[in-house]
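Engineer: The structure that follows is given in the form of C-alpha cells.
The values are calculated or read from the model by the stated rules, or taken from the named source; none is laboratory data. Remember, it's a predicted structure, so these values are computed and weren't measured experimentally. For neighbour counting, all protein chains shown are included, and Cβ atoms are generated from backbone atoms with ideal geometry for every residue, glycine included. Areas reflect the complete protein model, heavy atoms only, side chains present, ligands, DNA and RNA absent. Shrake-Rupley method; radii C 1.70, N 1.55, O 1.52, S 1.80 Å.
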Amino acid sequence: DNTPPVLSLSSPSEGLVTSDPVTEVSYSATDDSGHAPVCVPADGALVSLLAGTNMVTVTCYDRAGNTTSAARSVTRIDVTAPTITISSPVNGSLTSAASTTLTYTAIDDSGAPPSCSPASGSSVALSPGSNAITVTCNDAAGNTSSRSVTVSRDSAAPVLTINSPADGTTTDAA
C-alpha cells in the first residue's frame, strides 16, 4: 500500500481571524485499506493559538506508514490591553517629599513586555497639593491601558498659635 490516507479538513477555515486563544479542528479521514487512519491532533481537539499567525496542521498516518497532512493559517488578534499593577506610591498617600519613586509591573497576554511610560523605577516630581500619577502601557497589537494613583504633597510647616497665656505673662503657679 503506497496510497496515503484521504484527509478533508473542514475547520478551521483558511485565513480565519479570531480573538480566541484556541480553535477547534474538525475533519474526516479515510484510508483505502479499510482501516481508519490515526490523525494528530484528534478530530474535535482544541489547538492553542498564540497572538499573530498560526499554522494549524493535521497529519494522518495509515498502517503502511503513508502520511498526509492539511494545514490552515489562523490569525489570533490580540484584543486584550496590558495589565498594570502600581506598587509604589500607594494610592491616597501623603508625603512632604518633592518627588516619589514610581514602581509597577506591566504584563501582556502575548508574552511580550508592553511599552510603558513613565518607566518603572523613575522619579516623579510632586507639586504641593494633590498629584495624579498615570502609567500608560501599549502592547504590540496597539492595545492601551492606563492606571493612576494620587499622592498628596504637604510641604508647609504646621502653624502653631498659642492663645494662652498671653505673651509676656508671668505667673507664680507651679
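Engineer: Cβ-Cβ under 9 Å, sequence separation 6+ or interchain: first residue in segment 16-38 and outside any strand (DSSP E or B), partner among the basic types (Lys, Arg) and surrounded by 15 or more Cβ atoms within 10 Å (Cβ to Cβ). Which pairs?
Structural biologist: Filtered contacts from segment 16-38: SER19/ARG76; ASP20/ARG76; PRO21/ARG76; VAL25/ARG72.
Engineer: If we keep just the residues of segment 68-103 that are of a type outside the set (A, V, I, L, M, F, W, C) and touching a Pro at 6+ places or on another chain (Cβ under 6 Å), which is surrounded by the most Cβ atoms within 10 Å (Cβ to Cβ)?
Structural biologist: Ranking the candidates gives PRO82 first.
Engineer: Within segment 46-65, count every residue that is open to solvent by less than 90 Å² (accessible area, probe 1.4 Å), of a type in the set (Gly, Ala, Ser) and touching a strand residue (DSSP E or B) at 6+ places or on another chain (Cβ under 7 Å).
Structural biologist: Number of matching residues: 2.
Engineer: For segment 113-168, which residues satisfy the criterion of being assigned to a loop (DSSP other than H, G, I, E, B) and touching a Cys at 6+ places or on another chain (Cβ under 6 Å)?
Structural biologist: Across segment 113-168, the qualifying residue is only PRO114.
Engineer: Under 9 Å between Cβ atoms, which residue pairs at least 6 apart in sequence (or on different chains) link something in segment 156-174 that is within 30 Å of SER127 (Cβ to Cβ) with a partner that is surrounded by 10 or more Cβ atoms within 10 Å (Cβ to Cβ)?
Structural biologist: Pairs that qualify, where the first residue is within 30 Å of SER127 (Cβ to Cβ) and the partner is surrounded by 10 or more Cβ atoms within 10 Å (Cβ to Cβ), are ALA156/SER96; ALA156/PRO128.
Engineer: Would you check which residues across segment 71-112 are assigned to a loop (DSSP other than H, G, I, E, B), among the hydroxyl-bearing types (Ser, Thr, Tyr) and within 19 Å of SER146 (Cβ to Cβ) and list them?
Structural biologist: THR80, SER110
Engineer: May I ask you to say which residue of VAL17, VAL6 is under 16 Å from THR59 (Cβ atoms), open to solvent by 80 Å² or more (accessible area, probe 1.4 Å) and β-branched (Val, Ile, Thr)?
Structural biologist: VAL6
Engineer: When segment 104-143 is examined, which residues are found to be surrounded by fewer than 13 Cβ atoms within 10 Å (Cβ to Cβ) and closer than 25 Å to ASP20 by Cβ?
Structural biologist: Hits for segment 104-143 are GLY111, GLY142.
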